[in-house]
Amino acid sequence: MEKALSAGADAVILDLEDGVAPEDKRVARAQVAAVIAGIGADAEVELHVRVNRGPDGPDLDDLAAVTAPGLTGVRLPKVDSPDEVRAVAAALDGLERSTDMAPGSVRLYLSIETARAALAAAELAAAPRVARLVFGATDFLADIASPGAADGPATVVARGALVLASRAAGIGAPVDNVHTALADEEGLRRGARFARELGFFGKSVIHPRQIPAVHNVFTPTDAELADARRVLAHAEVRGDGATALDGQMIDAAVVARARRIIAITERSHG
């Protein structure tokens, strides 16, 4: 866990779910809680925990154990009901008060891993405390009984639903699934490019060696940044309304995209 925190990722997810054998769950919960307590509010990266899921929804005992200063996000696996999200949000209200955390400190990241969840994406994205939706391709393909690849056509509709729901709800763009083949960097880059073209914000990784490739794909290129700056400079001179720059129409949507590119670049270098 300590190695992960210094690996250079934008956020680190300490996993209590699939990464932990059933007989080790209690020990893992205590260890994760100890790491968060040791770091406190001095964490230099976003610190998230993926909690377990019981028969009635997310494990609230996991949630209570790890909610402490330093925790910024909780990943809820296999969520498909807004009621589950609202229950977790209500629990966090009380946990934050009891640990002297600022209200709303902990945001929720929902793993969309079933057809039901993909169809409910708009309601899930609008639920309290939700920061982003996260796509889980492997479980999604199993749910729809597809033999397709994680980055194949069987996932396009679901991925698109996450992008549209996130935008409509005004939350951050979604995060893509992990690439499990550690030695397959080209496959990792191909999947990341596919996700970025669909409108995703980033991609989850399972090893520090995957971080540079994902950062490289999702960070705007020098050419994209230069073009964005030219568009904004042009818009400042010409004002509102559609105009032309080097044969390209510049309207409000193009200007907004330019601003997003610059904001992403500034964040990645900040």
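The values are calculated or read from the model by the stated rules, or taken from the named source; none is laboratory data. Quick caveat, the model's predicted, so the values are computed rather than measured. Neighbour counts run over all protein chains shown; Cβ positions are idealised from the backbone, glycine included.
V74 meets all of the listed conditions (1) crowded, with 20+ Cβ neighbours inside 10 Å; (2) not in a strand (DSSP E or B) but one, namely (2). Counting only residues that are assigned to a helix (DSSP H, G or I) and either of a type in the set (A, V, I, L, M, F, W, C) or modelled with pLDDT of 95 or more (or both), segment 167-184 holds 2 of them. Within the option set S105, S111, being in a loop (DSSP other than H, G, I, E, B), within 18 Å of the chain's Cα centre (by Cα) and closer than 24 Å to R29 by Cβ holds for one residue only, S105. Whether a residue is of a type in the set (S, T, N, Q) and touching a Phe, Trp or Tyr at 6+ places or on another chain (Cβ under 8 Å) was assessed, and T138 does not pass this test.
Of all the numbered requirements in (1) in contact with a Leu (Cβ under 8 Å, 6 or more places away or on another chain); (2) under 16 Å from R50 (Cβ atoms), S105 misses one, and that requirement is (2).
With the structure loaded, tell me whether L119 is surrounded by 23 or more Cβ atoms within 10 Å (Cβ to Cβ) and of a type in the set (A, V, I, L, M, F, W, C) or whether it fails that test. Spelling it out, it is not the case that L119 is surrounded by 23 or more Cβ atoms within 10 Å (Cβ to Cβ) and of a type in the set (A, V, I, L, M, F, W, C).
For L119, the test of being of a type outside the set (D, E, K, R) and more than 30 Å from A7 (Cα to Cα) is passed.
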